[in-house]
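The values are calculated or read from the model by the stated rules, or taken from the named source; none is laboratory data. Worth saying up front: this structure is predicted, and the values here are computed from it rather than measured. Positions of Cβ are generated from backbone atoms using ideal geometry, with glycine treated the same way; all protein chains shown enter the neighbour counts.
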Amino acid sequence: MNEKNIIAKLRYPSYYIPALAILILIFFPFLTNNEYIVQVGIMVLLFAVMGSGWNIIAGFGGQLSLGHAAFVGIGAYVSTLLFVYLDLTPWIGMLVGAVVSAIFGVIVGYPCFKLKGAYYALATIAYGELVRIFIQNTNQIGPIDLKGAQGILLPIKGHSWFWFQFDTKAPYYYIALVMMFLAILLCYKIKNSKFGYYLAAIGDNQDAAASLGVDSSRMKVYAAAISSFVMGIAGTFYAQFLLYIGPQSLLVDTFSTEIALVGIIGGAEVMGPIIGAFLLTPISEATRILLGGRFIGVHLVVYGAILMAVITYAPSGILPYLKKVYYKFLALLGDPQYQDYRTIKAPAKGLGGGIK
Amino acid sequence: MGTMTEATINGLFMGSLYGLIAVGLSLVFGVMKVVNFAHGSLLTICMYAVYYLVMKANWNSYLTPILVVPLLFIFGYVVQSKIINPVLKREFELGGGHAVILLTVGMMLVMENLCLLFFGAYYKVAQVPISSLTLNIGNIVISVPRMIAGIVSVILIFLLYAFLNKTDMGKAIRATGQDREAVRLMGINDFKIYNISFGICFIMLTLAAALMIPMYYVHPSAGKIFELRSFVIVVLGGLGSLNGAFLGGIIIGLIESVTAQFLSATTAEFLIFLVFILVLLLKPNGLLGKK
Amino acid sequence: MSLLETQKLTIKFGGLTAVDAVDMSVEKGEIVGLIGPNGAGKTTLFNMLTGVYQPTSGTIIFKGGTLTKLNPTKVSRLGIGRTFQIVKPFQLMTVLENVMIGSFSKTNSMAVAEKKALEVMDFVGLTSVKSIQARNLTLAHKKRIELARALATEPELILLDEVMAGLNPTEVNEVIDVIRKINSQKKITIILVEHVMQAVMALSQRIYVLNSGKKIAEGVPTDVANNPEVIKAYLGGGYTHAAS
Amino acid sequence: MSSKKVISLVLIVMLMGMLALTGCSGNKGEAPNADTAVGEVKVGVLLPLSGPVAPIGVTSQRGYELAVEEINAAGGIKALGGAKIKLITADSRGDAKIGMSEAERLIQSDKVTVMTGAYQSAVTYPSTQVAEKYKIPYIVPSAVKDEITQRGFKYTFRTCPPMGWYTKAQVDFAVEMGKKTGKPAKRVALVYENTDWGQSAATAWKVDVPKAGMEIVLDAPYPATSSDLTPVILKIKQANPDFILFTSYTSDAILLTNGIAQMKINSYGMAGGGGGHADPEYMKNTGKNSEYHYDLCEWSTDVGKPGVKETNDKFKAKYGVDMNGESANCYASMYVLADALERAGANDPEKIREALSKTNLSTTNAMIMPNTSVQFDETGQNINASLIMIQVRDGQRVTVWPESAKNPDFEAVWPVPKFEDRK
C-alpha cells in the first residue's frame, strides 16, 4: 500500500479511529501532568504484556496456568541480582533473566504437560508456591544475598537509559509501549502460523491432535519457553520500574490470578489480554481510589463477579462482544466497509475461541 | 520421646480433620470432575455461620450442625444448580475444559472478599470452656477439642463412605461419577445428583467448621489456608477417592507435625508442596486413585 | 508384502484380555471391514494400531517396519490416519481450521495448508460449512470433518471407526460414496469398523470378525455372513439383526 | 477477521480507557504540592486496610483520626491561619508494589504535602523511596526495620525505635529480671513468623542474646499463615526454654498463646514484641491464656505520663477499644507533624522537612509516649524513642519496665506462675 493510499483511506472511520488511538497512545504521557496517571498507564501496558505471555500457553494452548507469577519473579530476581552484584545493565539482565525464566518454564513445564486439565492447573499452583516459599526463606545462596522475605531494593544508579532508570515516568511508559507492541506482534505471528494452529488443536482436543501427527509435548514445551521468556522480560521491567522486588508482592498467588484474569476476561485471541488489561487495571485502580479503606476487598469482588459473568455468558471473553459493538459503531459512522455489521447478531468466532 | 509421640498424635488428629475438609473436594471431583477452587472460601462461610451461632446465640459448637447443616446444604444445592450447572453443561457439550475451574476461582474471589466486607478483617476466636481442656497421660498432653475433632472426623468420613456405598442415593452418586451417560439412561437426573453432591460437600465442611471453631480462629482468609492443604491431600490420595482423601489427610498431618518437629515449620510448608508436585508428576492418580 | 500386518496382537487390561492373539493383514488398496458384537475389541484394536495403547504382546508391521511402541503422533506421521468412534472435532475451530490441522502435517505454509484443506473439503463435501465452528454442526458433519482431517494428512492407510453410526440412510449412502471415492481416486487403503452391516458388506473386499477379543472368522463378505460361528456370535440373528 | 480490524478495535478501546483515566484524575493543574487548598494540609496515610494485617491497619488509622480530630478542633495549625489537617487514606493491601503505587498516587494525584504510614516494614521501605524521589516528608510511626533510616534519606523521619532497640530491650529486660530475682534466664527460644519483620527480629536476636550470655535453644520460624501451629508449640515444649521471645502477627499470636497454655509449657517468662501481641483482638481472643505474658511495646494505657488516661478514654469512647502501641504511635506522630507545621509556617514539603529535622518537642499530646522528647538525628531517627515492657495482669496490660515509666501499683512477676498453679 502506498503512502497516498493510506492518507486517502484516513477519511474512513475504520482508519482514522485507530490512527487517533495510536496517536493518543504515543502522546499519552504529554496529555497529563499527573505522573500517577502515567504510572497507571504503565501498569496497564505491563499487564497487557504479561497477559499476552500468559495467553500463549494458556489461551492459545489451552493449558490453564495459575502460577505464572513465578516466571515474572524469576526474570525479576535474575536481572536484579546481576544488576546489584555485577553492575550489569538491566538491558542485558533482561535477556538473561528471560532466558533463565524460559529454561525454568521448560524444566517445570515438561513434566507438568503430561498432566491434563485440572491436574495441570494444580501443578502450576504448586510450583508457584514452591518458588515463593523458597525465596521467602532463603537469605543467602553461596555469596549471593537473596534477602529472603525482605526483598531487594534496587540501588539508584542515576538516570540513564543504560541503567534503565529515569526520573520521569515517560521513558518507562515508552519502553512498556514498545514491549506491548512487540508482544502483540509475537502473538499475532504465533496465532497465524502452523505452531499457533497446533497449539489451538492441542488445547481443544489433545487425542485428536495426536491422531493428526501433532507432537503435543514438543509444542507445549515451545509454548512454555516463549511464554515464560515474555514473563521474564516483564519481570525485569517490573523490578526496574518499582525498584523493589520481594516474595510477598511478586510471587503471591493473587498476582498469578491477576495475570490470568487479564487473559481470561479479554479472550484467547491476540488482542484479548490487551483488552483485558485496559479494562481490569483501571477497575482495580478506580475501586481502590473510590472505595479504598472504606470497603475493603471490593475490587476483588468486582473481579470475581466479572469473571463469573464472563465464564457464564461470554466464554470467548469480552473481545468478540466489543468487536461487535465497535463494528456497529463504525457502520453508524458511515464506514462503507462495515455496513454489513449494522444488523449482525452473533459475535464472530474463530480459531480456539476461548475457554471451553 | 514424649514430644515425638505428641507430635505424632497431633499429626494424626489434624490429619483426620484435614481429611474431613478435603473429602468434600474429593467427592465433588469424583462426581463431576471439577476441582473446586472455592472450597476454602466455602469453609470460611461455614466457619462464620458456626461462629455466630456460638457467640450470638450461645450454642454449643458441636450442636450447631443441627441448624447449620440443613441451611448450608440448601445453599450448596442452589449454588450448584443455579451457578455451576449451566457452565458444566456447556463444558460437557464441548468435551472437557477449564470453564468450571475458572468459575470457581471467580466464586472464591467473590465469597472471600464479601466475607471481608461483611465481617471485617478481624480475627474471631470462640473461647468456649472446652477450648482449653486437656487430657494428661503421663507427660503427654492432648488437647481435648483437637482429639474430638480428630476422632469425630474419622467417624464422619466413615459415615460418608457408608452412605455412598450402602444407600441408593449414595450408589446413584457413585454411579454418576463413573458414567454420567449410563446413569442418565437409567432415568436419573445427573445434574440433580451434582446438586446433592455439592450439598453434601457443604455438609462435610459445616461439620468440620463445628469441630474447628473451639480451637481455631475465623478470618475471611482462614479457609484459604486449609484449601491449599486440601488440594495437596486430594491429589495425594487420588482425586475422587474418599479413603484417599482420608489417607492423604493423615500423611499431610504427619508430615507437617513431624517435619516441623525435626526441622522447622517453614521447611514443613516447603516439603508439603514438594510432595504435592512429586505426586502430581510421578503418580498423578494419587496413592489410591483409580485410573 | 502386505501394507499392514499384525502378529499375535494381544492386550490385557488387568485380568481382562481385550484383544487376544489377533493376526490380520491388509494389502495395499484394499477396503477391509472389521466387525463383531459390542465389546469384541474392535476399537481397542484400532487404538493399538494407532499407538494409543501399547500391546501387551505381539507386533504390528506397517510398510515393513514395526509400529509397536510408537505413540499416536509418530504413527500418524508414518501415514496412518484415523477417525474416532466418539467424534472428536476441534469444537472451537471452524471446519476449515479443523482440516488445516491435518494438512499441516505435510507443510509449514499457511497458504499451502489452506489450499490443501479446501481441496479435501471439496472432496468430502464440506465446502458449504467451511467457516462454521465445529461445535455448531450436526453429527453427520462432524463425522465428515474427522474424515477430511484424516485425509488431509495424506495417509496411506485410514482407519474408520464407525463413521456411519447415528446417521440416517441418506447420509449413510453419501458416506459410502465418499469412502469408495477415497479408495478409488486417492488410492488409500481403508480399514473400517462398522455396525451398519449393509455398508460393510457393500464396501469391504474382505472382512475380519472379532468376538471377545478373538478373531473368529475372516474372508469375503458372503462367506463371513454365512459362517455359523459369526451367526452364533451375533446371537443367531445374522447381519440383518445386527444392523438395527 | 483481518488483523487490521482487530488492531483498530483494540486501539479504540485503549483510547477510551486512557481518556477515562485522564478524565477521572481531576487534578491536572500545574500546581506543585504546595498550598493546593488554602486552610487545609493534606496528609497522605498509607496503611494495610485489607489483607491479613488489616486489623492493625485499622487500629493505626484510628490513632491518626483521633489526633487530627483533636488538633483541628483546637483550631488547626495556627501558623497557617488555622488550617485543618486532612487525612487522605490509601490502602496498601499489605503489598509492597501496591504501597508504592499508592504513595505515587497520594503525592501525584492528591497532592499531599506530607506522608505517613505504612505499618509494615516491607511496605514502608519501598514507599519511603517514592516519597524521597518526590521530596515529600514521610513520617514513619511504627515500622521498625533498621534499614529504613539507614539509606541516607533526607525526607524520612521515624518516631518509633528501630528493630535493633526492641530486641536489645527484650534481652536487657530478661537480664535485669534475672539479676533482681536471682533466677536468670539461660535458655532462650526464638519463635517468629517468616516474613520480613520476623526475620529481621531473628537476625538481631541472634546477636543480642548470646552477647548477654544466654543460649539460644530453639530457632523456630513459621509461616504466618499456618493452619496448625501445634508443631511449633511442641518444639518449644521439647526445647524447654526459660525465656521465649516472639515476633508474631495477630492470628499466629492467638494460636501460639492458646496452645502454650493448653500444653502447660512453663518458663520464667514469654515476651512478644508488639504486632500481634499488642493487638486488642489478641487480648480478646486469648482470655486467661495470655495472663502474665510480657510484651515489649511502645506504649500502654497505664504509662505514667500526663494526658494518657484522657486520650485513651476519648479513644475508647469513640472506637470501643483501648488504644494500643500502633494507635498511640500514629496518634503521637500527628502531634509531631502538627508541631513541625506550626514551625514551618507554610504548607510546603521542603519547609515541613526543614522543620521536622529541627524538631525538639517535649510538650503537647505527642508526649503520651514514654519518651520525654522527640528529636531526629541526621538519619531521621527519633533518638529519644523509648520502649516499655508490659505484663498482662488480670486481663490488663500493665507497664512493669523500665522503672521510669512503670505502673506504681504492679511489680513484674518473674518467673511467672506455672500454668498448673493458676486458678
(request) Report those helices (runs of 4 or more DSSP H) wholly inside the range D:283-386 carrying at least 3 residues which are of a type in the set (Gly, Ala, Ser). (result) D:325-344
(request) Determine which member of the set A:200, A:208 is in a helix (DSSP H, G or I), crowded, with 24+ Cβ neighbours inside 10 Å, within 14 Å of chain C (Cβ to nearest Cβ) and without any contact (Cβ under 8 Å) to a residue 60 or more places away in the chain. (result) A:208
(request) Using the structure shown, decide if residue B:85 is at pLDDT 85 or above and more than 8 Å from every other protein chain (Cβ to nearest Cβ). (result) yes
(request) Any residue in the range A:20-46 that's at the interface with chain D (Cβ under 7 Å from one of its Cβ atoms): show its pairings with residues that are acidic (Asp, Glu) and not in a helix (DSSP H, G or I) at Cβ separation under 9 Å, as long as the two are six or more apart or on different chains. (result) A:33/D:30; A:36/D:110
(message) Of everything in the range B:98-130, what is of a type outside the set (A, V, I, L, M, F, W, C), in a helix (DSSP H, G or I) and at the interface with another protein chain (Cβ under 7 Å from one of its Cβ atoms)? Give them in sequence order.
(response) B:106, B:113
(message) Can you tell me which residue is nearest to the other protein chains (Cβ to nearest Cβ) among those in the range A:1-19 that are buried (at least 18 other Cβ atoms within 10 Å of the Cβ) and not aromatic (Phe, Trp, Tyr)?
(response) A:18
(message) Going through B:105, B:125, B:110 one at a time, which residue ends up being in contact with a strand residue (DSSP E or B) (Cβ under 6 Å, 6 or more places away or on another chain) and either in contact (Cβ under 8 Å) with a residue 24 or more places away in the chain or within 25 Å of residue A:256 (Cα to Cα) (or both)?
(response) B:125
(request) Among the residues of the range A:148-173, write down those that are in contact (Cβ under 8 Å) with a residue 24 or more places away in the chain, among the aromatic types (Phe, Trp, Tyr) and either surrounded by fewer than 22 Cβ atoms within 10 Å (Cβ to Cβ) or within 13 Å of chain D (Cβ to nearest Cβ) (or both). (result) A:162, A:163, A:172, A:173
(request) Go over the candidates D:252, D:219, D:228 one by one and state the one that is under 15 Å from residue B:259 (Cα atoms) and surrounded by 24 or more Cβ atoms within 10 Å (Cβ to Cβ). (result) D:228
(request) Consider residue A:268 carefully, then state whether it is within 14 Å of chain B (Cβ to nearest Cβ), surrounded by 24 or more Cβ atoms within 10 Å (Cβ to Cβ) and under 22 Å from residue B:94 (Cβ atoms). (result) yes
(message) For the structure I just gave you, tell me whether residue A:48 is within 19 Å of the chain's Cα centre (by Cα), more than 26 Å from residue A:326 (Cβ to Cβ) and not polar (S, T, N, Q).
(response) no
(request) Please state which one of D:92, D:50 is at pLDDT below 90, in contact with a Ser or Thr (Cβ under 8 Å, 6 or more places away or on another chain) and within 19 Å of residue D:326 (Cα to Cα). (result) D:92
(message) Go through the range C:189-215 and report how many residues are without any contact (Cβ under 8 Å) to a residue 60 or more places away in the chain and not in a helix (DSSP H, G or I).
(response) 1
(request) Any residue in the range D:115-143 that's farther than 20 Å from residue A:249 by Cα and in contact (Cβ under 8 Å) with a residue 12 or more places away in the chain: show its pairings with residues that are of a type in the set (Asp, Glu) and surrounded by fewer than 24 Cβ atoms within 10 Å (Cβ to Cβ) at Cβ separation under 7 Å, as long as the two are six or more apart or on different chains. (result) D:135/D:350
(message) Can you tell me which of (1) closer than 30 Å to residue B:140 by Cα; (2) of a type in the set (A, V, I, L, M, F, W, C); (3) without any contact (Cβ under 8 Å) to a residue 60 or more places away in the chain is the one residue D:212 doesn't meet?
(response) (1)
(message) What's the total number of residues in the range D:163-190 that are on the phi < 0 side of the Ramachandran plot, free of Cβ contacts under 8 Å to residues at least 60 places away in the same chain and part of a loop (DSSP other than H, G, I, E, B)?
(response) 2
(request) Could you please find all residues in the range D:63-115 being among the hydroxyl-bearing types (Ser, Thr, Tyr), within 24 Å of the chain's Cα centre (by Cα) and within 14 Å of chain A (Cβ to nearest Cβ)? (result) D:64, D:89, D:92, D:101
(request) Counting only residues that are over 19 Å from the mean Cα position of the chain (by Cα), give me the helices (runs of 4 or more DSSP H) lying completely in the range A:234-313 with at least 2 of them. (result) A:247-250, A:272-291, A:298-313
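Conditions (1) more than 10 Å from chain D (Cβ to nearest Cβ); (2) within 13 Å of the chain's Cα centre (by Cα); (3) among the hydrophobic types (A, V, I, L, M, F, W, C); (4) more than 15 Å from residue A:122 (Cβ to Cβ), marked per residue:
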{"position": "B:228", "(1), (2), (3), (4)": "no, yes, yes, no"}
{"position": "B:247", "(1), (2), (3), (4)": "yes, no, yes, yes"}
{"position": "B:254", "(1), (2), (3), (4)": "yes, no, yes, yes"}
{"position": "B:258", "(1), (2), (3), (4)": "no, no, yes, yes"}
(request) Return the residue satisfying two criteria in turn: it lies in the range D:47-62 and is more than 8 Å from chain B (Cβ to nearest Cβ) and among the hydroxyl-bearing types (Ser, Thr, Tyr), and of such residues it is nearest to residue B:118 (Cα to Cα). (result) D:59
(request) Could you check, for the range A:62-84, whether at least one of its residues is away from chain D (no Cβ under 14 Å), of a type in the set (S, T, N, Q) and not in a helix (DSSP H, G or I)? (result) yes
(message) If I ask for residues that are among the polar types (S, T, N, Q) and at pLDDT 85 or above, which ones from the range C:191-211 would you list?
(response) C:204, C:205, C:211
(message) Given the condition over 30 Å from residue D:260 (Cα atoms), of a type in the set (Val, Ile, Thr) and facing chain A (nearest Cβ under 8 Å), answer yes or no: does some residue in the range B:70-81 qualify?
(response) no
(request) Considering every residue within the range A:104-113, establish whether at least one is among the hydroxyl-bearing types (Ser, Thr, Tyr), farther than 30 Å from residue B:29 by Cβ and assigned to a helix (DSSP H, G or I). (result) no
(message) Which pairs turn up if I take residues in the range A:239-252 that are more than 9 Å from chain D (Cβ to nearest Cβ) and over 13 Å from residue A:78 (Cα atoms) and look for partners that are of a type in the set (Lys, Arg) and part of a helix (DSSP H, G or I) with beta carbon separation below 6 Å, at least 6 apart in sequence or on another chain?
(response) A:251/A:132
(message) Test of understanding: among D:93, D:105, which residue is among the charged types (D, E, K, R), crowded, with 24+ Cβ neighbours inside 10 Å, outside any strand (DSSP E or B) and out of contact with any strand residue (DSSP E or B) (no Cβ under 7 Å at 6 or more places or on another chain)?
(response) D:93
(request) Provide a single number: the residues in the range D:215-255 that are in contact (Cβ under 8 Å) with a residue 40 or more places away in the chain and more than 11 Å from every other protein chain (Cβ to nearest Cβ). (result) 8
